[in-house]
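The values are calculated or read from the model by the stated rules, or taken from the named source; none is laboratory data. Given the structure is predicted, the values throughout are model-derived calculations rather than measurements. Here Cβ is always computed from backbone atoms with ideal geometry, including for glycine, and neighbour counts include all displayed protein chains. Protein only, heavy atoms only, side chains kept; ligands, DNA and RNA dropped before computing areas. Shrake-Rupley method; radii C 1.70, N 1.55, O 1.52, S 1.80 Å.
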Amino acid sequence: MAVALLVFAWPTLRPHLAMTSDMWRLAPIVRILRIGIPIGLQMLLESGAFGAIGLMMGMLGTTEMAGHQIAITLAALTFMVPLGVGAAAAVRVGRAIGASDQAGAKLAARAAFLCGMGFMSLTALIFLLAPRLLASLFTSDAGVIAIAGILIPVAGVFQVFDGAQAVGAGVLRGLGDTRAPLIGMIAGYWLIGLPVSLILGFHTPLRAAGLWWGFVASLSIVALFLALRIRVLFRRDVERIAIE
């Protein structure tokens, strides 16, 4: 993949990758790392939280784990759309800010939220209306279908929040703010979401569903925090983020 991307992108990349003494300047390298490392940590924390729920689900039993795997596969499938929209938002918002077009940046952010949350609202409706039908596409085991049929509607509840936080993180990257999403994910996933999952999953009759309601708590908090952060930033005169 790396070789293929380099071959196809080389005509565009070549003028920017010329070997010069300027490419070793410390300041732009540090700036790239200051923006990029928090993004990597965001992905680590998010995937780590979902992985932790998977481990806890395995403690409940094989059937619960199988139902969880079906539901999380469906949720991950639909998540790809707002994830892509968030990446597009980072590009469009960043270009607008670079052109000192704050109105254009706001318009790009609104369009991204409309696309990402609109799509997730539709998939949420499907998850809520036909959970057992979706589960039956993966297995004929009645016990697994029953567990997945409980978890898929919960995924339907957090779908919209999941889309909102994916798009919100993209918009903030376009604005050059990668620390706020990192702080939001630490608080939402690890300080609130996982404890809620532990309490509901192991100390209430909800069990598997309780673990997943922790997703709802964490994603809704992260989505709200990112939306508020975007509103705060757009109330100011957002300046171009200089890398050179």
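Testing residue 46 on (1) over 19 Å from the mean Cα position of the chain (by Cα); (2) farther than 20 Å from residue 131 by Cα, one condition comes back false. Which one is that?
(1)
Specify which of the listed residues (73, 139) is touching a residue at least 40 places away in the same chain (Cβ under 8 Å), open to solvent by 30 Å² or more (accessible area, probe 1.4 Å), of a type in the set (S, T, N, Q) and part of a helix (DSSP H, G or I).
Answer to the selection: 73.
Just give me the residues in segment 76-90 being touching a residue at least 40 places away in the same chain (Cβ under 8 Å), open to solvent by 10 Å² or more (accessible area, probe 1.4 Å) and more than 15 Å from residue 123 (Cα to Cα), in sequence order.
85, 87, 88, 90 - these are the residues of segment 76-90 that are touching a residue at least 40 places away in the same chain (Cβ under 8 Å), open to solvent by 10 Å² or more (accessible area, probe 1.4 Å) and more than 15 Å from residue 123 (Cα to Cα).
Evaluate segment 209-219: report whether one residue or more is touching a helix residue (DSSP H, G or I) at 6+ places or on another chain (Cβ under 8 Å), free of Cβ contacts under 8 Å to residues at least 24 places away in the same chain and in a helix (DSSP H, G or I). Step through it out loud before you land on a result.
Within segment 209-219, the subset touching a helix residue (DSSP H, G or I) at 6+ places or on another chain (Cβ under 8 Å) is 209-219.
When the remaining residues are screened for being free of Cβ contacts under 8 Å to residues at least 24 places away in the same chain, the result is 210.
Imposing the further condition that a residue be in a helix (DSSP H, G or I) reduces the set to 210.
Yes, some residue in segment 209-219 is touching a helix residue (DSSP H, G or I) at 6+ places or on another chain (Cβ under 8 Å), free of Cβ contacts under 8 Å to residues at least 24 places away in the same chain and in a helix (DSSP H, G or I).
Need pairs with beta-carbon distance below 6 Å; first residue closer than 16 Å to residue 170 by Cβ and in contact (Cβ under 8 Å) with a residue 12 or more places away in the chain and within segment 95-108, second surrounded by 14 or more Cβ atoms within 10 Å (Cβ to Cβ) and basic (Lys, Arg); sequence gap 6+ or separate chains.
108/92
Among the residues of segment 9-35, count how many are of a type in the set (Val, Ile, Thr) and closer than 27 Å to residue 179 by Cα.
4
Select from segment 178-188 the residues that are open to solvent by 20 Å² or more (accessible area, probe 1.4 Å) and not basic (Lys, Arg) and write down the one among them that is farthest from residue 90 (Cα to Cα). Lay out the reasoning, then the answer.
The first filter runs over segment 178-188 and keeps only residues open to solvent by 20 Å² or more (accessible area, probe 1.4 Å), leaving 179, 182-183, 186-187.
Checking which are not basic (Lys, Arg) leaves us with 182-183, 186-187.
Values: 182: 16, 183: 19, 186: 21, 187: 23 Å.
Ranking the qualifying residues of segment 178-188, first place goes to 187.
Kindly check whether there is at least one residue in segment 13-28 that is out of contact with any Ser or Thr (no Cβ under 9 Å at 6 or more places or on another chain) and within 26 Å of residue 148 (Cα to Cα).
no
Given the residues 229, 207, which is the only one that is farther than 22 Å from residue 170 by Cβ and buried (at least 16 other Cβ atoms within 10 Å of the Cβ)? Spell out the reasoning first.
Numbers: 229 fails: farther than 22 Å from residue 170 by Cβ.
Going through 229, 207 in turn, the sole match is 207.
Take the residues in segment 1-58 that are open to solvent by 40 Å² or more (accessible area, probe 1.4 Å) and charged (D, E, K, R), then tell me which one is farthest from residue 208 (Cα to Cα).
Filtering first and then ranking leaves 22.
What is the one condition in (1) open to solvent by 70 Å² or more (accessible area, probe 1.4 Å); (2) farther than 25 Å from residue 94 by Cβ; (3) more than 24 Å from the chain's Cα centre (by Cα) that residue 198 does not satisfy?
Every condition holds for residue 198 apart from (3).
Determine which single condition residue 212 fails, assuming it passes every other condition in (1) open to solvent by less than 20 Å² (accessible area, probe 1.4 Å); (2) within 30 Å of residue 94 (Cα to Cα).
Only one criterion in (1) open to solvent by less than 20 Å² (accessible area, probe 1.4 Å); (2) within 30 Å of residue 94 (Cα to Cα) is unmet by residue 212, namely (2).
In segment 10-26, is there at least one residue being at pLDDT below 95, among the charged types (D, E, K, R), under 13 Å from the mean Cα position of the chain (by Cα) and part of a helix (DSSP H, G or I)? Step through it out loud before you land on a result.
To start, the set of residues in segment 10-26 that are at pLDDT below 95 comprises 10-26.
Next cut, among the charged types (D, E, K, R) only: 14, 22, 25.
Next, only the ones that are under 13 Å from the mean Cα position of the chain (by Cα) stay: none.
There is no residue in segment 10-26 that is at pLDDT below 95, among the charged types (D, E, K, R), under 13 Å from the mean Cα position of the chain (by Cα) and part of a helix (DSSP H, G or I).
What pairs can you find where one residue is in segment 165-180 and under 15 Å from residue 82 (Cα atoms), the other is polar (S, T, N, Q), and their Cβ atoms are less than 8 Å apart, with a gap of 6+ or different chains?
Between residues of segment 165-180 that are under 15 Å from residue 82 (Cα atoms) and residues that are polar (S, T, N, Q), the close pairs are 169/42; 172/178.
I'm trying to understand the selection: among the residues of segment 184-208, which are among the β-branched types (Val, Ile, Thr) and touching a residue at least 40 places away in the same chain (Cβ under 8 Å)? Walk me through how you get there before you give the answer.
Initially, segment 184-208 is screened for residues among the β-branched types (Val, Ile, Thr), giving 186, 192, 196, 199, 204.
Selection gives 186 alone.
Hey, can you tell me all the residues within segment 146-168 that are surrounded by fewer than 23 Cβ atoms within 10 Å (Cβ to Cβ), β-branched (Val, Ile, Thr) and either over 18 Å from residue 53 (Cβ atoms) or touching a strand residue (DSSP E or B) at 6+ places or on another chain (Cβ under 7 Å) (or both)?
Across segment 146-168, the qualifying residue is only 160.
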